[in-house]
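The structure appears below as structure tokens.
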Amino acid sequence: MRLRTIFLIIGIVLVAAFAALNVDEFTRSSVLSLGFTTVQVPLGMVMLLLLVIAIVVFLASTLYMQGVNLVETRQYARELNVQRELADKAEASRFTELRSVIEAQSAATLHREAANATVLAERLAQTQAALLHRAEQSDNSTAAHIGQLEDRLERQLSLVSAR
């Protein structure tokens, strides 16, 4: 329990004990003036009754305020849950949109990589064909030079053997 509630209960118990111990004085009649008339009633009982009425009024107002606060708290909690759900849905849609954008970029990247791989393969094939052509030309050129050298050598040998 709260400290205030404990003090309130202790106060009420002390007043009730005080009234119980002095019940004779509380019930002694006295003349009271109401302004336009006078009445003979026990002053202690009137004061005790006014104290009880004040306590009941304060307790009723406290209960009313607690009830209003509880209703407002529940309303705010409901509104907060609605806003949280909206935020979750918005976040989920953003994640879905982000995933679709990433997938589209990934697909575009894969398409570019495939196109680049195709271009690279074509250029590699062209370079390989050009290299093979150059190698054949080099082989032919080397064979022609060797053939010429063989012819010269044979002529030189035939001249040297003819002498």
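A short reminder: the numbers here are calculations on the coordinates, not readings from a lab. Just so it is clear, the model here is predicted, and its values are computed rather than measured. Virtual Cβ from ideal backbone geometry, glycine too; neighbours counted across all protein chains shown.
Observations on the model:
- Placing pseudo-labels 7 Å out from each Cα toward the beta carbon at LEU8 and ARG78 gives an inter-label distance of 2.7 nm.
- Among LEU14, LEU49, LEU149, the largest mean-square fluctuation in a Gaussian network model of the chain, built with springs joining Cα atoms closer than 10 Å, belongs to LEU149.
- Highest-MSF residue in the chain out of VAL13, VAL71, VAL52 [GNM, Cα springs under 10 Å]: VAL13
- Choice from LEU132, LEU86, LEU98 with maximal GNM fluctuation in the chain (Cα, 10 Å cutoff): LEU132
- Computed from Cα positions, the angle between helix 43-162 and the longest principal axis of the chain comes to roughly 0 degrees.
- Degrees separating the helix 3-21 axis from the principal Cα axis of the chain, which is the longest one: 10
- ALA121/ILE146 FRET efficiency (R0 35 Å; Cβ-Cβ; nearest 0.05): 0.45
- When its C-alpha radius of gyration is set against 2.2 N^0.38 Å (N residues), region 74-163 gives a value of 3.12.
- Note that the chain, at 25 °C in a medium of 0.890 mPa s, gets a Stokes-Einstein diffusion coefficient of 86 µm²/s from its Kirkwood radius over C-alpha pairs.
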